[in-house]
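Working notes for the structure below.
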(Lines give C-alpha, C1' and ligand atoms only; values in the text may rest on other atoms or scores of the structure.)
Protein backbone atom coordinates (compact mmCIF):
# COMPACT_ATOMS: atom_id res chain seq x y z
CA UNK A 1 0.00 0.00 0.00
CA UNK A 2 1.08 3.61 -0.25
CA UNK A 3 1.79 6.48 2.13
CA UNK A 4 0.53 9.07 -0.38
CA UNK A 5 -2.48 11.00 1.00
CA UNK A 6 -5.91 9.82 -0.11
CA UNK A 7 -7.47 12.00 -2.80
CA UNK A 8 -10.47 11.97 -5.14
CA UNK A 9 -10.21 9.15 -7.69
CA UNK A 10 -8.07 6.90 -5.48
CA UNK A 11 -8.91 3.26 -4.96
CA UNK A 12 -9.21 2.54 -1.23
CA UNK A 13 -9.97 -0.38 1.07
CA UNK A 14 -11.77 -0.22 4.42
CA UNK A 15 -9.22 -1.52 6.95
CA UNK A 16 -10.96 -0.43 10.14
CA UNK A 17 -14.66 -0.30 10.92
CA UNK A 18 -17.13 -0.47 13.75
CA UNK A 19 -17.48 -3.39 16.13
CA UNK A 20 -19.69 -5.33 13.71
CA UNK A 21 -17.09 -5.30 10.91
CA UNK A 22 -19.79 -5.17 8.21
CA UNK A 23 -17.75 -3.11 5.74
CA UNK A 24 -14.24 -4.37 6.50
CA UNK A 25 -12.43 -5.20 3.29
CA UNK A 26 -14.76 -3.20 1.05
CA UNK A 27 -12.95 -1.64 -1.89
CA UNK A 28 -14.16 1.49 -3.63
CA UNK A 29 -13.23 4.78 -5.28
CA UNK A 30 -13.05 8.09 -3.42
CA UNK A 31 -15.58 10.46 -4.99
CA UNK A 32 -15.40 13.40 -2.60
CA UNK A 33 -14.89 14.71 0.89
CA UNK A 34 -17.56 15.26 3.54
CA UNK A 35 -18.17 16.01 7.19
CA UNK A 36 -19.42 12.90 8.91
CA UNK A 37 -20.87 11.79 12.19
CA UNK A 38 -20.89 8.08 12.71
CA UNK A 39 -21.85 6.26 15.89
CA UNK A 40 -23.55 3.17 14.48
CA UNK A 41 -23.28 0.93 11.43
CA UNK A 42 -25.44 1.92 8.47
CA UNK A 43 -25.97 -1.75 7.58
CA UNK A 44 -26.80 -3.45 10.89
CA UNK A 45 -27.20 -0.49 13.33
CA UNK A 46 -24.64 -1.93 15.75
CA UNK A 47 -23.12 0.71 18.00
CA UNK A 48 -19.40 1.33 17.87
CA UNK A 49 -16.40 1.68 20.10
CA UNK A 50 -15.01 3.70 17.17
CA UNK A 51 -17.40 6.66 16.97
CA UNK A 52 -16.27 9.45 14.68
CA UNK A 53 -17.25 13.02 13.99
CA UNK A 54 -15.26 15.19 11.64
CA UNK A 55 -13.72 15.12 8.21
CA UNK A 56 -14.10 12.07 6.05
CA UNK A 57 -14.43 10.87 2.49
CA UNK A 58 -17.27 9.63 0.31
CA UNK A 59 -16.51 6.26 -1.28
CA UNK A 60 -18.43 4.55 -4.08
CA UNK A 61 -18.27 0.77 -3.88
CA UNK A 62 -20.40 -2.19 -4.94
CA UNK A 63 -22.96 -1.39 -2.23
CA UNK A 64 -23.40 2.25 -3.18
CA UNK A 65 -21.91 5.37 -1.60
CA UNK A 66 -20.65 5.40 1.98
CA UNK A 67 -18.80 7.89 4.17
CA UNK A 68 -15.73 6.91 6.15
CA UNK A 69 -13.16 8.65 8.33
CA UNK A 70 -9.82 8.82 6.51
CA UNK A 71 -8.09 6.75 9.20
CA UNK A 72 -10.42 3.82 8.46
CA UNK A 73 -9.15 3.62 4.86
CA UNK A 74 -5.95 2.49 3.15
CA UNK A 75 -5.05 3.80 -0.30
CA UNK A 76 -4.34 1.15 -2.93
CA UNK A 77 -1.74 2.58 -5.32
CA UNK A 78 -2.18 2.29 -9.08
CA UNK A 79 -0.43 -0.74 -10.53
CA UNK A 80 2.22 1.45 -12.16
CA UNK A 81 3.34 2.72 -8.75
CA UNK A 82 4.00 -0.71 -7.29
CA UNK A 83 7.68 -1.63 -6.90
CA UNK A 84 7.39 -4.84 -8.87
CA UNK A 85 5.74 -3.15 -11.87
CA UNK A 86 7.58 -3.65 -15.14
CA UNK A 87 6.31 -2.00 -18.28
CA UNK A 88 5.94 -4.04 -21.46
CA UNK A 89 8.71 -1.97 -23.01
CA UNK A 90 11.16 -2.87 -20.22
CA UNK A 91 10.16 -6.53 -20.39
CA UNK A 92 10.76 -6.60 -24.17
CA UNK A 93 14.15 -4.93 -23.70
CA UNK A 94 15.14 -7.49 -21.05
CA UNK A 95 14.14 -10.36 -23.35
CA UNK A 96 16.20 -8.90 -26.24
CA UNK A 97 19.25 -8.43 -24.00
CA UNK A 98 19.09 -12.04 -22.80
CA UNK A 99 18.74 -13.41 -26.35
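The values are calculated or read from the model by the stated rules, or taken from the named source; none is laboratory data. A quick note: this is a predicted structure, and the numbers were derived from the prediction, not measured. For neighbour counting, all protein chains shown are included, and Cβ atoms are generated from backbone atoms with ideal geometry for every residue, glycine included.
Looking only at the range 53-70, count every residue that is in a strand (DSSP E or B) and in contact (Cβ under 8 Å) with a residue 24 or more places away in the chain and tell me the total.
Going through the range 53-70 one residue at a time, the tally reaches 10.
Determine the pairs where a residue that is modelled with pLDDT under 70, located within the range 71-99, has a partner that is loosely packed, with under 12 Cβ neighbours inside 10 Å with Cβ atoms under 7 Å apart, the partner being 6 or more residues away or on another chain.
Going by the 7 Å Cβ cut-off, the qualifying pairs are 85/79.
Results for (1) at pLDDT 75 or above; (2) surrounded by 13 or more Cβ atoms within 10 Å (Cβ to Cβ); (3) farther than 15 Å from residue 66 by Cβ, shown as yes or no for each residue.
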residue: 6; (1), (2), (3): yes, yes, no
residue: 9; (1), (2), (3): yes, no, yes
residue: 13; (1), (2), (3): yes, yes, no
residue: 24; (1), (2), (3): yes, yes, no
residue: 30; (1), (2), (3): yes, yes, no
residue: 45; (1), (2), (3): no, no, no
residue: 48; (1), (2), (3): no, yes, no
residue: 51; (1), (2), (3): no, no, yes
